[in-house]
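Engineer: My structure is below; once you've seen it, I'll send some questions.
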Amino acid sequence: MSSIRSVAFHTLGCKLNYSETSSLGRMLEKEGFEKKEFDQAADVYVINTCSVTDNADKECRQLVRRIQRRAPESYVVITGCYAQLKPNEIATIPGVDLVLGAAEKFNLPYHIKNLQQQEGTKICSCDIEDVRDFTASWSSQDRTRSFLKVQDGCDYNCSFCTIPLARGKSRSDSIANVVANARELAATQTKEVVLTGVNLGDFGQPGEDFFQLVQALDTVEGIDRYRISSIEPNLLTNEIVDFVAKSKRFMPHFHIPMQSGSDRILGLMRRRYKRALYTERVEWIKQCMPHAAIGVDVIVGFPGETEEEFAETYSFLEQLPVTYLHVFTYSERDNTHALSLHNKVPTSVRQERNKKLRNLSFIKTKQFTAQFFDTVRPVLFEKAEHEGMMEGYTDNYIRVQTPYRSELINTIVDWRI
């Protein structure tokens, strides 16, 4: 064992990254390393990166500079999507010692033990086509909720997206392994599991699919709640919706990427549906579960998006019975088809459209929650305390705040909204 004894992590990006960072931390703890908070002194700092937008790349560089100022003698390891996509670029950042691509991420303990034997920045990466293994992961920092990774990679080729280049082909765990992991989480008193993946609805080894997984998990004792983190509208079948509507464990909460309300823009994005299908999915959910929360991903400022097409998206979302929006401003990504498209939208216009949709999201959320004022819904309270308050979420994802009471931690309580 080297003299490196402590490690601190920072995660950028999605729930999938959080699940993987947590698993990496547990792996190192089993090897005898002490896990530190990122703002504490540590021998090694590991940054698990995202690369969906330029902001994620910039934030990674800012974090490295911060480590250099605070702990110049420490080692810095970069892994995650940014590390797979641009390892040579990362290697030029002063202070970075090791860059681990997608194939080497889960060999982190080995690489950390050998850090002191190297000189300069080392890159351990490979062609993404060679990444075929699936490594199960789940988060465990918060005992109330866990993000459980069941699928990785993506076979879709949306024109704006680098995820297939960063994570490789779609691949999944087996249903048996996922169920076993859920049982392990249940033994830790975890009350809620959020199923995560790059393209979750594409889950399935040969002979298995996502609907079968949902059915199997519904039988696991000890997990009171499941949420489906995000699922493509073309993969969210009526039978999945019907099952969730009858399940006591799967929550009435869906997150369905839309990206645009214009069929022309959806075509340029190479999405696998049109707005009519999206409408059908939302309407069927609301028919089966009028109380269900529905989140939406939407991109503004995609190349060629006219004012009329943005207005079409705005109007479409305004009329749809959805609950909240995750709004992304389009940013150019290397090696994507969208770079070749004409009629770029000025950055200032992109930002203004983002602001308009975020305001719409605020209105939609208020409208949704207002329906449930003075009604009773089950709330799972979390352990976090902030200025004397604690919070939790209803089954249909309404955030509830109340004065901190330790006896409410990790309990599901019938609560008047």
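The values are calculated or read from the model by the stated rules, or taken from the named source; none is laboratory data. Predicted model only: the values in this text are computed from it and were never measured. All Cβ positions, even for glycine, are placed from backbone atoms using ideal geometry, and neighbour counts span all protein chains on display.
Engineer: Quick one: count up the residues across the range 218-239 that are surrounded by fewer than 16 Cβ atoms within 10 Å (Cβ to Cβ) and charged (D, E, K, R).
Structural biologist: 2
Engineer: Could you grab the pairs with beta carbons closer than 7 Å, sequence gap of 6+ or different chains, first residue in the range 1-23 and free of Cβ contacts under 8 Å to residues at least 60 places away in the same chain and of a type in the set (Gly, Ala, Ser), second one in a loop (DSSP other than H, G, I, E, B) and surrounded by 19 or more Cβ atoms within 10 Å (Cβ to Cβ)?
Structural biologist: Sorted first by the residue in the range 1-23, then by its partner, the pairs are Ser6/Phe33; Ser6/Ala42; Ser6/Asp43; Ala8/Ala42.
Engineer: Polar (S, T, N, Q), over 27 Å from Lys246 (Cβ atoms) and without any contact (Cβ under 8 Å) to a residue 12 or more places away in the chain: which single residue out of Ser331, Ser340 fits that description?
Structural biologist: Ser340
Engineer: On to the next question. Just need a number here: residues in the range 371-386 that are more than 15 Å from Ala293 (Cβ to Cβ) and exposed (fewer than 15 other Cβ atoms within 10 Å of the Cβ). Full working, then the answer.
Structural biologist: Residues of the range 371-386 that are more than 15 Å from Ala293 (Cβ to Cβ), as a first pass: 373-374, 376, 381-386.
With the extra rule that they be exposed (fewer than 15 other Cβ atoms within 10 Å of the Cβ), the set shrinks to 373-374, 376, 383-386.
Residues meeting the conditions: 7.
Engineer: Restricting attention to the range 276-296, which residues are closer than 15 Å to Phe243 by Cα and of a type in the set (D, E, K, R)?
Structural biologist: Selection gives Arg281, Lys286.
Engineer: Let me ask something additional. List every residue pair whose Cβ atoms lie under 6 Å apart, where the two residues are 6 or more positions apart in sequence or sit on different chains, the first residue falls within the range 292-321 and is closer than 26 Å to Arg227 by Cα and in contact (Cβ under 8 Å) with a residue 24 or more places away in the chain, and the second residue, located anywhere, is among the aliphatic types (A, V, I, L, M) and assigned to a loop (DSSP other than H, G, I, E, B).
Structural biologist: Partner pairs satisfying both residue conditions: Ile294/Val322; Val296/Val322.
Engineer: Phe134 passes all but one of (1) surrounded by 17 or more Cβ atoms within 10 Å (Cβ to Cβ); (2) assigned to a loop (DSSP other than H, G, I, E, B); (3) in contact with a helix residue (DSSP H, G or I) (Cβ under 8 Å, 6 or more places away or on another chain); (4) modelled with pLDDT of 90 or more; which number fails?
Structural biologist: With respect to (1) surrounded by 17 or more Cβ atoms within 10 Å (Cβ to Cβ); (2) assigned to a loop (DSSP other than H, G, I, E, B); (3) in contact with a helix residue (DSSP H, G or I) (Cβ under 8 Å, 6 or more places away or on another chain); (4) modelled with pLDDT of 90 or more, Phe134 is out only on (3).
Engineer: What pairs can you find where one residue is in the range 160-184 and under 30 Å from Val300 (Cα atoms), the other is among the hydroxyl-bearing types (Ser, Thr, Tyr) and surrounded by 19 or more Cβ atoms within 10 Å (Cβ to Cβ), and their Cβ atoms are less than 7 Å apart, with a gap of 6+ or different chains?
Structural biologist: Phe160/Tyr330; Thr162/Ser51; Ala166/Ser51
Engineer: Another question about this same structure. Name the residues in the range 96-116 that are more than 24 Å from the chain's Cα centre (by Cα) and either surrounded by 19 or more Cβ atoms within 10 Å (Cβ to Cβ) or among the acidic types (Asp, Glu) (or both), would you?
Structural biologist: Result: Val96, Asp97, Leu98, His111, Ile112.
Engineer: Across the range 1-16, which residue is nearest to Ala136 (Cα to Cα) among those that are polar (S, T, N, Q) and touching a Phe, Trp or Tyr at 6+ places or on another chain (Cβ under 9 Å)? Give the steps one after another, and end with the answer.
Structural biologist: Quick first cut of the range 1-16, residues polar (S, T, N, Q) only: 2-3, 6, 11.
Then drop every residue that is not touching a Phe, Trp or Tyr at 6+ places or on another chain (Cβ under 9 Å), which leaves 6, 11.
Details: Ser6: 24, Thr11: 17 Å.
My answer is Thr11.
Engineer: Right, another one. Restricting the search to the range 387-399, which residues are exposed (fewer than 13 other Cβ atoms within 10 Å of the Cβ) and either in a loop (DSSP other than H, G, I, E, B) or aliphatic (A, V, I, L, M) (or both)?
Structural biologist: Once the filter is applied, which keeps residues that are exposed (fewer than 13 other Cβ atoms within 10 Å of the Cβ) and either in a loop (DSSP other than H, G, I, E, B) or aliphatic (A, V, I, L, M) (or both), the range 387-399 yields Glu387, Gly388, Met389.
Engineer: Which one is modelled with the lowest pLDDT, of the residues in the range 20-63 that are outside any helix (DSSP H, G or I) and closer than 26 Å to Asp334 by Cα?
Structural biologist: Across the range 20-63, the extreme among qualifying residues is Thr53.
Engineer: Determine which member of the set His326, His291 is in a loop (DSSP other than H, G, I, E, B) and of a type outside the set (Phe, Trp, Tyr).
Structural biologist: Result: His291 is the single residue among His326, His291 that is in a loop (DSSP other than H, G, I, E, B) and of a type outside the set (Phe, Trp, Tyr).
Engineer: Collect the residues in the range 342-361 that are surrounded by fewer than 18 Cβ atoms within 10 Å (Cβ to Cβ) and β-branched (Val, Ile, Thr), keeping them in residue-number order.
Structural biologist: Thr347, Val349
Engineer: Ile78 passes all but one of (1) within 30 Å of Asp173 (Cα to Cα); (2) β-branched (Val, Ile, Thr); (3) surrounded by fewer than 17 Cβ atoms within 10 Å (Cβ to Cβ); which number fails?
Structural biologist: Going through the list (1) within 30 Å of Asp173 (Cα to Cα); (2) β-branched (Val, Ile, Thr); (3) surrounded by fewer than 17 Cβ atoms within 10 Å (Cβ to Cβ), Ile78 breaks only (3).
Engineer: Specify which of the listed residues (Ala186, Ala166, Ala176) is of a type in the set (A, V, I, L, M), assigned to a helix (DSSP H, G or I) and buried (at least 18 other Cβ atoms within 10 Å of the Cβ).
Structural biologist: Values: Ala186 fails: buried (at least 18 other Cβ atoms within 10 Å of the Cβ); Ala176 fails: buried (at least 18 other Cβ atoms within 10 Å of the Cβ).
Criteria check complete, one pass: Ala166.
Engineer: Could you figure out which of (1) under 30 Å from Glu192 (Cα atoms); (2) of a type in the set (Val, Ile, Thr); (3) in contact with a strand residue (DSSP E or B) (Cβ under 7 Å, 6 or more places away or on another chain) isn't true of Thr279?
Structural biologist: (3)
Engineer: At positive phi and either surrounded by fewer than 18 Cβ atoms within 10 Å (Cβ to Cβ) or in the same structural domain as Ile163 (by TED's automatic domain parsing) (or both): does that describe Gly32?
Structural biologist: Yes: the conditions hold for Gly32.
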